[in-house]
Every structure is written in C-alpha cells, then in structure tokens.
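Let me begin by presenting the structure, written as structure tokens, before commenting on it.
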Amino acid sequence: MPKMTSRERVFAAVTMSELPDQLPVTPLLMTRGIREGGVRVDEVLLDGEAMARAKIKAHQKFGGDVVIAGTDLFTPVENLGAVLEYLPYAQPSLLEHPAPTKEAFFRLKENYLSNGFDPEKGRLRAIQEEIRTFIQEGWKDTHALATPVGGPITTAQMVTGTDEFFTYLAEESDFAKEVIELSLDVCKNVCRMMFEAGIDVCNILDPFCSCDILPPEMYREFGLPYQQRLFAYIKEIGGIGFTHTCTYTQPIWSDIAESGTFNFNGDMYPGADHTKRVIGDKISLMGTLSPYSTLTHGTPEDVANEVKKLAVEVGHNGGFVCMPGCDIDWTVPEANMRALIDTCASIKYPIDIEALGDLSSVYLAGHPKHPGMRKISTEHDQMVRMGIQRTQADKTPEEEVYFNLADAIMEYDSDKVVEWTKKGLEIGLSPQQIIFDGLSLGMKMVGDLYERKERFITDMIKSAKTMEAAMPILVPLLEATGSVDENKATVIIGLVRGNTQDIGKNLVALMLKANGFNVIDLGKNVKPEQFVEAAEANDAAAIAMTVMTNSSVVYAEKTVELLKEKGLLDKYLVLTGGSAMNEQIAGRIGIKYGSDANAAVALIRERIAATA
C-alpha cells in the first residue's frame, strides 16, 4: 500500500472510505505537548503562537498523526464567565461556576441574550491564533488538526455546579433544559470560531453523558437531542464533529452512532472491542489505550502490547485511530510515549495479525482482567450479596427488618422505609441498628450495583433521599438518649488541586453522609493547606482526597508532608481514591486507598472502631 501522509491516514480511518496505510495515532499532545516545548502551560494559555510552537516541538520529537489546538473542555463555560485557575503542567481547574444559583443563571442569560456571544471572553482568540500558526507552519498540509470543545450538557453542568445540576435534572427538568439550551448556543459559537480559524475537527467532549453518571433515558432526553443539534450545525457550516464520552457508555452506543458525529472516542467501557462489534460499521472509533495504568504506570512493552491488542480487536478492518482514553499526563515516561507512537507506525494495513504475536494475556481497558480495573470493595460482603441476590430464605426478625429496609432503599420507596423503621423499633432494635445495619446496608448495596454498572449516580442520589424518610422518626429518639452525635465523626473531603471532575468525590461524600458521618466538603481544586486547616479546625477523624490526574498526585503527597511537619499524621486517617490513584501509589505516599465509595466508608468506620 502506498505511504500516506498523516492527514490522509487519519481521514481514511475516520471516514472509513479506505484502509489507511498504517494504524493512525492521536498522541494527545496538549498540556504534555506544551511542556515538551519547554514552557509552562499557565504561561502560554493566552498566547496562541507560543502554544503552537511548543506543541510543534513535541510533535517533531515524538511524531503522531493528529495535532491538537487548545487543552481542555472549559472554553464554552469560561466564555460564560467561569473562573479558572491556570496550572503549570496540567489542564486548567474550574474554581467558580458562572451561575451557581437560579437567580445568577437568569442574570447570565439576560446578559447573554442582550449582548450576544462575546468572542473576546476567555481563550478563544488565543486558540484561533494557535490554529492559524499551525496552518502557517504547514502542519495542516500533512496532519489533521483538531480541537476539544465542551459539549452542551457538560457545559451546562459546569455552569451551575454538579450537585445543583443533578437537582435540576431530577426536580426541575424544564429549567435544566434552559441551562443546556444556553450552553448549546455557546458551544455552537465556539465551534464556529474554531472552523473560521481553519481547524478540521471539533471534538465535542461530553463526559457528563457517561452512563456512570446519567441513566440512558436521561441521556436521550437531556444529552442526545442537543448533541444532534450541535453536530447538525457543525455539518451546516462545513465542519467535522467528533464526540468524546468517558468510561461506561455501552447502553448508549447506538444513540451515539445516530448523533451525527463522525467519530466516537473515549474509554468505551466495557471495551472498545465491544464497541467495534456494535457500532463500528456505522462510525469510526478512536481510543482507548489506558492513560494511567498502562501509559503512565506500565512499561514500554505493556504499552506496545495494548496497542497491538487494539489493532487486532478494534482496528483490524480500519475505521480506527489509536489514542489514550483521556488526556495524557506530563509524567508519562518518554519511553512509553515512543512505544505508543512507534508501535502504531509499525502496524501496516492489511494487518498481519499473526505477526503481532501471542496477545492472549493482554486485555483492553474496560475488561475485568485489565490491570486498571478497580476492585469492587463489597465483592465478598455476605450481607450485600444476600441482599442483592435475595437468596436467604430464613431470616431472623432483625434480619427481616434490615433486608426490608435495604430493599426500600434500592426501590426508592420512602413509605416502605417508614414502615420498616417502625417495625424495627417495635421489635426492640435501636435507632443506631436501624441506621447502620439496615439503611446503610441498602446504600452499600446500591453502591455495589453502581460499581457493577447496574445503577447510576442519579440512583445513588434517589436512594440517599429515600433514606432521609426515616430520620424524622429516628433523630428524636437519638436526641432523647443523648446519642445523636454518637459515631458522628467528621470527615474532610475534597478534590485535590488541578482536578475539576468532582462527580466521584460527590458520590463518596454522599455515601459518607448516608452512613452517619459529618462531612465537610471542600469542593474542587483543594490545596494541601486547606485539607490540613479544615481537619484541625473541625477536629476531624479523617481526610479524604480524590485524585483524578497523575500530575495531581504531588498535592496528595504535599498534604501528607504538611501533616508530618505539624506532627499530625497519626491523628487522622488519610485516605485517597480516584482514577489516578491505586493501592501502590497510596502505599508509597503512606496513606490508605479506597477503590470505591463503599471502601471509603469501611476504612473510616474501621479507624473509628479501632480508636474508640
């Protein structure tokens, strides 16, 4: 097959018009690309030419078929007035939402409708300048040019804040759609500016549409229609639109294929090979090398083998571009970067599968045996298993109450919660037993099902609200016995500096509250000093840090160092979790690792029991 340029190779794969000459690769040299250019990210985000020249150096060093302008999905919400912190070696972090209340949103909307879209707000002009610099330097002649743009519902979620937006979706759907509608208009204008500058592709990043977050029916009401309108607009103005959604998306693959996108990229749990079989004949796919367990923490051989497995399982007949599942970190070893790009270049079409060797022990991201898959902490919890499977025929009267309370939590049945709370009291159970052995068991079961992709975050929220139905009965009894604050230990929780995706952190906070803890949530972008100050001020039992990017591990380390300096490390249980964390990293830092929300609850309860 004749050798193609990178540009020809990518468009052959994306349009599925012909086989490329070799496996195309998008190395995601965004913030990492800027660093490779010898400058700090925060120093050049408003200097498009400087960003372009830094990334050009990175591509000259490593290679790759797609050049990316911009660094993140915040451009639409920043244009609407979100306050961001620009960080030295990572994507920006969102500090302040532009409309955290309904009143603030109506003021924002009125101003937007009165004055129109403002192309000068945020970094849009800088990214246009970056695109034009790439074109002036001849990169569009040889490579595909792309830029990320936040999607409509994800932008809407960042306009109001995650918890607030969940409430609107559940209780005020018309208002939620009003926020999405405004966000859609901004997204359209951002895309228009990018295409006017000469970009080939706008990749619409809409992680809020993940089935880890929204049930499929909610995506079809609040996500898909707005995506379809955005892609129709992109097509109308002569552009090309891709879409990116993180983690678990299997229930909505067919919907994504009908959204108008040319390409779907992301993690594609439970595996890009499954995605290929379901919709790979309809649209092209891009992904999904594991960015943390493989690209950051694996060996060059691990990277090469995972790329080969992707080629065999997903790219065997074209329509595929290899890419990490999410933005890569500046700490990814150079040898692993080269293994990604060089291995793709070595795989020629038509692919000789046998020549790639024995890949039977290599697993794609999303597979249960992939090294990046988290363990489910309640896997061997017999009460959880019995409750979910309903296999225990004979129950003691106490167990009858506990399991019926758990059923009520899983069924979102407030009346049933009240009924079995009263029955539990009638047979002599204490309020504490009802809370910790019954209601909390239900929350633990819902959390287990969430980890197994059988429930959604919205289900967790509904379960927590169902549990609240028992509190008017139980709290007066606790107050009467003087035990209302018993076991009410305080937990400080927050998303460490440099991190913005707070949904996992919010889920852990929800589970802690449901289990009777006093939770002080410091929010996003939390500095080490803030964790320590809050723990001291509130006599906390535990500090819980969520870490979503590898570059932010350093802030978890600094928190531990600060506690050591103050002689406080032994005073608190310090625990961590998140996509950039694992047991080995936590152990190296000297803190505990919780694989999921239930694990976090268990660790804190164990600590309190041990120190009682």
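Of the GluC sites (Glu not before Pro) found in the range 426-464, those that fall in a DSSP loop while having at most 13 other beta-carbon atoms within 10 Å are Glu454. Summarising the strand pairing of the chain, around 10 percent of its internal DSSP beta bridges are antiparallel. Centroid-to-centroid, using Cα positions, the range 106-130 and the range 540-607 are 39 Å apart. Restriction of the GluC sites (Glu not before Pro) in the range 1-109 to DSSP coil positions whose beta-carbon has at most 15 other beta-carbons within 10 angstrom yields Glu18. What the Kirkwood sum gives for the chain is a hydrodynamic radius of 25.3 Å, with every pair of different alpha carbons counted. For the range 487-612, the convex hull drawn through the C-alpha positions has a volume of 86 cubic angstrom per residue. When the C-alpha to C-alpha distance is required to be over 26 Å, the pairs from Lys276/Lys308; Lys282/Lys308; Lys140/Lys308 that qualify are Lys140/Lys308.
All other residues whose Cβ lies under 13 angstrom from that of Ser259 are scored, Lys and Arg at +1 and Asp and Glu at -1, for a net of +1. Remark on the range 539-612: ratio of C-alpha radius of gyration to 2.2 N^0.38 Å is 1.05. When you count the other C-beta atoms within 10 angstrom of each residue and take the mean per peptide, 340-346, 526-532 line up highest first as 340-346, 526-532. For the range 306-444, the Kirkwood estimate of hydrodynamic radius, built from reciprocal distances between every pair of different alpha carbons, is 19.6 Å. Compared with the dominant principal axis of the Cα atoms in the chain, helix 414-426 is inclined by about 30°.
Convex hull over the alpha-carbon atoms of the range 372-497: what's its volume per residue in Å³? Mind dumping the intermediate values first?
Values: hull volume 16.4 nm³, N = 126.
Expressed per residue, the convex hull around the Cα atoms of the range 372-497 is 131 Å³.
The lysine pair tally for the range 374-483, using Cα distances under 21 Å and a gap of 8 or more places or different chains, is 16. Compared with the dominant principal axis of the Cα atoms in the chain, helix 6-15 is inclined by about 60°.
Taken together, the values in this text are just the output of simple stated rules run on the coordinates, not laboratory data. Owing to the predicted nature of the structure, the values given are computational and were not obtained by experimental measurement. No Cβ is skipped: glycine too gets one built from the backbone with ideal geometry, and neighbour counts run over all protein chains shown.
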